[in-house]
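The values are calculated or read from the model by the stated rules, or taken from the named source; none is laboratory data. Only a predicted model underlies this, so the values are computations on that prediction, with no experimental measurement involved. Methodologically, a virtual Cβ is constructed for each residue, glycine included, from the backbone with ideal geometry; neighbour enumeration extends over all protein chains shown. Heads up: the accessible areas ignore ligands, DNA and RNA and are worked out on the full protein's heavy atoms, side chains in. Shrake-Rupley method; radii C 1.70, N 1.55, O 1.52, S 1.80 Å.
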Amino acid sequence: MTTAYNGKLLRVNLTTGEINPEELNIDLAKKFIGGRGLGTKILFDEEIATVDPLSEDNKIIFINGPMTGTSVPTGGRYMVVTKSPLTGMIASSNSGGVWGAKLKYAGWDAIIVEGKAKEPVYINIDDERAEILSANEYWGKTTENLVEEMLKLYPKASILNIGPAGEKLSLLAAIINDKDRAAGRSGVGAVMGSKNLKAISVTASRTVIEPFDKDKLRQVTSDCQKKIIENGVTNAGLPTYGTPVLVNIVNNIGSFPTRNWQESYFETADKISGETLKENHIVKQGFCHRCPIGCGRVIDFNGKIIGGPEYEPIWAFGANCGVDDLPAINEANYMCNEYGLDAISTPCTIAAAMELYQKGYISDEDCDGVPLKWGSGKAIVEWTKRMGQGYNELAKLMAEGSYRLCEHYGVPEYSMSVKKQEMPAYDARGIQGIGITYATSNRGGCHVRGYLISPEVLGLPEALDRFSIEGKATWAKIFQDLTACIDSMGMCLFSSFALGAPEYAALLNAATGTDYTAEDLLEVGERIYNLERIFNKFAGMKPEDDRLPKRLTEEPIPGGPSKGELSKIDITLPDYYNVRGWVDAFPTNDTLIRLGLEEEMLKEEVPVV
Amino acid sequence: MIEIRLFATLRDGRDKIIKLDSNSISLAGDVLKHLSISPENVAIYLINGKHSNLDAPIKDGDVIAIFPPIGGG
């Protein structure tokens, strides 16, 4: 019987050089779907929660969902799951492009990489064949150059790699695939670097994945495709302007964090908006595998055609650093891809450094010719490069992220982070629900673990009052649980502007042979969310890690349309724990039993190393 | 005088910022009529940065921001 799973995992041990195919437990896969859910389950069962993230004991899993590589719209995502060196907790970092689909076509649902190579290596996969090869000649190369070199050897391959930042174990290091798509968050690139693993190239001869019920999947896919084509966000807003279309709306409600969240309205935001990007820089749309939306931006950068910035880096390099120089933002974003850096945490760390410079903690001498001044286009470009290169002591410190940087100067409260990971581009003081999802995200500060911006700002699927706290805990839970499913299926979160739980359940059932209702599917998402939370508990997470920076609860927004607002997380967090069936940030035994996590509940907690 | 800011596809064939005499406008929906924008093309309507519906009253000095369906992440 076919399902959309290949039924095969590839385990690669870089210490011993062993490469072994393993059978995928299909029942287990269905219980956790795939991708983010199944990756966390594997990591949990292999007792990774307590290891040092940058030691050879950590494992890094590149894992598809059942929809990856199918004909389902946006079915091209893969997930990198590991223990994060940035947060010390679960990392699951998602990316598009074509790499995940290629891996699926090559016959693998996942690659589990363990151990550490003695010297730089890469893994080459050509359908069933896999080999570990020397990467000595590639070590030190930036992304584009590396990919061009490797494509000479493997012309039909899709390449996933780290840049110099990952090699130097920057805690902000990303994994880049297909030149400009990134599994960006939580320092997953440093885990690859710690294993001396530079790249994974994948060549595949297949182009089709056989689902459980081909006819049914064709029909459900067609229904979903229709909904995406008829939806105003997925048929016009995102294709025309990409994610940067959000700059103006978020700024116009006064929730656009500015100068490291000291303010929340950026006077010249339209100079860095999606509309301006389109008018002056866009060449064409960029599409991931099987994507009918095409939110990617392809830009002309001084005559060179490259991947353009998303909303998040435009905000983080822009308003958050006080910069309205769009060409400089484009260049800084390109440098993130080239050096392999997270394009959210990197600029947010530069913003924190700018506040430290403003307040006299960082001196001109530390800056070595490039002052960390608000509004400096030169500073955002040069300090991104310097962080990628480990240029000097300050750059090395910044490459560990804003929390460790600010802690070094004795002012960790200037780090706008949760669980040591930088928060994204929406001020939770003026949008109450998103603050719950920031505080309780299992991977630290993040907007795509429960995107309540949809109802609270964009009015989708229905409009909620952004200032109100009523019902927000329940909304947060539902969004977090559904997102866990989408991430585990191998689909893009942006499909959820047009699709809901009933559509995702129908797709999954047709592809894998499950018989889930929408409610069942949400329960699977809840199971995944709770499993991540137990992983974090084993990793040493404490209840106080579910907190927002003091600035959001103690410093009201000083001006603009959300003037005077503060986060009410002290009220919403107990509501949220109640809705989740958690006490002091962790699930009760009753909750775990209800979700079929008895096995995990009974596992004895191992002392944190 | 009221200030109207248009965004995304609503800028097609129109200025980004339009200033109107407030005497001719009493409700939010009047602005759409004045600019020949169909209500079904409007997803978000802000008055002074606050989400509003088309029945909301408009007063002199208001800043209005109008968006078609948009999304991102």
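Couple of notes before you dig in:
- Some residue of the range A:204-219 being outside any loop (DSSP other than H, G, I, E, B), open to solvent by less than 10 Å² (accessible area, probe 1.4 Å), in contact (Cβ under 8 Å) with a residue 12 or more places away in the chain and more than 14 Å from chain B (Cβ to nearest Cβ): yes
- Residue check, A:N177 modelled with pLDDT of 95 or more and surrounded by fewer than 24 Cβ atoms within 10 Å (Cβ to Cβ): no
- Going through (1) within 11 Å of chain B (Cβ to nearest Cβ); (2) open to solvent by less than 10 Å² (accessible area, probe 1.4 Å); (3) touching a strand residue (DSSP E or B) at 6+ places or on another chain (Cβ under 9 Å); (4) within 26 Å of A:S402 (Cβ to Cβ) one by one, A:Y265 falls short only on (2).
- Any hit, the range A:470-480, residues being within 19 Å of A:R527 (Cα to Cα) and in a loop (DSSP other than H, G, I, E, B): no
- Consider the range A:436-471 and keep the residues that are aliphatic (A, V, I, L, M) and open to solvent by 10 Å² or more (accessible area, probe 1.4 Å). The one that is farthest from the other protein chains (Cβ to nearest Cβ) is A:I469.
- Hits in the range A:249-259 - residues which are closer than 11 Å to A:W315 by Cα, open to solvent by less than 10 Å² (accessible area, probe 1.4 Å) and assigned to a loop (DSSP other than H, G, I, E, B): A:F256, A:P257
- Tabulated pairs, the range A:262-290, first without any contact (Cβ under 8 Å) to a residue 24 or more places away in the chain, second part of a helix (DSSP H, G or I), C-beta under 8 angstrom, 6+ apart or interchain: A:D270/A:V247; A:D270/A:N248; A:D270/A:T276
- Where a residue in the range A:409-425 is touching a residue at least 24 places away in the same chain (Cβ under 8 Å) and its partner, wherever it lies, is open to solvent by 30 Å² or more (accessible area, probe 1.4 Å), with Cβ under 6 Å and at least six apart: A:Y409/A:Y361; A:E413/A:K550; A:S415/A:Y403; A:S417/A:Y403; A:K419/A:D545; A:K420/A:Y403
Conditions tested, residue by residue: (1) touching a Ser or Thr at 6+ places or on another chain (Cβ under 9 Å); (2) in contact (Cβ under 8 Å) with a residue 12 or more places away in the chain.
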{"site": "A:A352", "(1), (2)": "yes, yes"}
{"site": "A:E355", "(1), (2)": "no, yes"}
{"site": "A:Y361", "(1), (2)": "no, yes"}
{"site": "A:E365", "(1), (2)": "no, no"}
{"site": "A:P371", "(1), (2)": "no, yes"}
{"site": "A:W374", "(1), (2)": "no, yes"}
{"site": "A:G377", "(1), (2)": "no, yes"}
{"site": "A:I380", "(1), (2)": "no, yes"}
{"site": "A:G388", "(1), (2)": "yes, yes"}
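- Residues in the range A:483-508 that are open to solvent by 30 Å² or more (accessible area, probe 1.4 Å) and either on the phi > 0 side of the Ramachandran plot or away from chain B (no Cβ under 14 Å) (or both): A:P502, A:E503, A:A506.
- Residue within the range A:413-424 that is in a helix (DSSP H, G or I) and within 14 Å of chain B (Cβ to nearest Cβ) present: no
- Reported count of residues in the range A:499-540, each being free of Cβ contacts under 8 Å to residues at least 24 places away in the same chain, hydroxyl-bearing (S, T, Y) and touching an Asp or Glu at 6+ places or on another chain (Cβ under 9 Å), is 1.
- Search result, residues across the range A:161-185 that are under 13 Å from A:S95 (Cα atoms) and assigned to a helix (DSSP H, G or I): A:R185
- Residues that are out of contact with any Lys or Arg (no Cβ under 8 Å at 6 or more places or on another chain) and farther than 21 Å from A:P313 by Cα, drawn from the range A:369-393: A:G369, A:E393
- The set of residues in the range A:126-146 that are in contact with a helix residue (DSSP H, G or I) (Cβ under 7 Å, 6 or more places away or on another chain) and β-branched (V, I, T) comprises A:T142, A:T143.
- Selected residue [farther than 23 Å from A:S454 by Cα, within 12 Å of chain B (Cβ to nearest Cβ) and out of contact with any strand residue (DSSP E or B) (no Cβ under 8 Å at 6 or more places or on another chain)] from A:E275, A:E279: A:E279
- Test: residue in the range A:551-571 that is assigned to a helix (DSSP H, G or I), open to solvent by less than 50 Å² (accessible area, probe 1.4 Å), β-branched (V, I, T) and more than 23 Å from A:P412 (Cα to Cα): no
Here is a yes/no grid of residues against (1) in a helix (DSSP H, G or I); (2) in contact with a Phe, Trp or Tyr (Cβ under 7 Å, 6 or more places away or on another chain); (3) open to solvent by less than 50 Å² (accessible area, probe 1.4 Å):
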{"residue": "A:Y334", "(1), (2), (3)": "yes, yes, yes"}
{"residue": "A:A343", "(1), (2), (3)": "no, no, yes"}
{"residue": "A:I350", "(1), (2), (3)": "yes, yes, yes"}
{"residue": "A:Y357", "(1), (2), (3)": "yes, no, yes"}
{"residue": "A:G360", "(1), (2), (3)": "no, no, no"}
{"residue": "A:D366", "(1), (2), (3)": "yes, no, no"}
{"residue": "A:W374", "(1), (2), (3)": "no, no, no"}
{"residue": "A:K378", "(1), (2), (3)": "yes, no, no"}
{"residue": "A:E382", "(1), (2), (3)": "yes, no, no"}
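- Filtering the range A:117-152 to residues that are open to solvent by 20 Å² or more (accessible area, probe 1.4 Å), of a type in the set (A, V, I, L, M) and touching a residue at least 24 places away in the same chain (Cβ under 8 Å) leaves A:A130, A:I132.
- Cβ-Cβ contacts under 7 Å between residues 6 or more apart (or on different chains), taken from a first residue in the range A:227-247 that is without any contact (Cβ under 8 Å) to a residue 12 or more places away in the chain and at the interface with another protein chain (Cβ under 7 Å from one of its Cβ atoms) to a second residue that is open to solvent by 10 Å² or more (accessible area, probe 1.4 Å) and part of a helix (DSSP H, G or I), are listed as A:A236/B:T9.
- Taking the range A:448-469 as the range and being in a loop (DSSP other than H, G, I, E, B), without any contact (Cβ under 8 Å) to a residue 60 or more places away in the chain and under 21 Å from the mean Cα position of the chain (by Cα) as the test, the residues that pass are A:R449, A:G450, A:Y451, A:L452.
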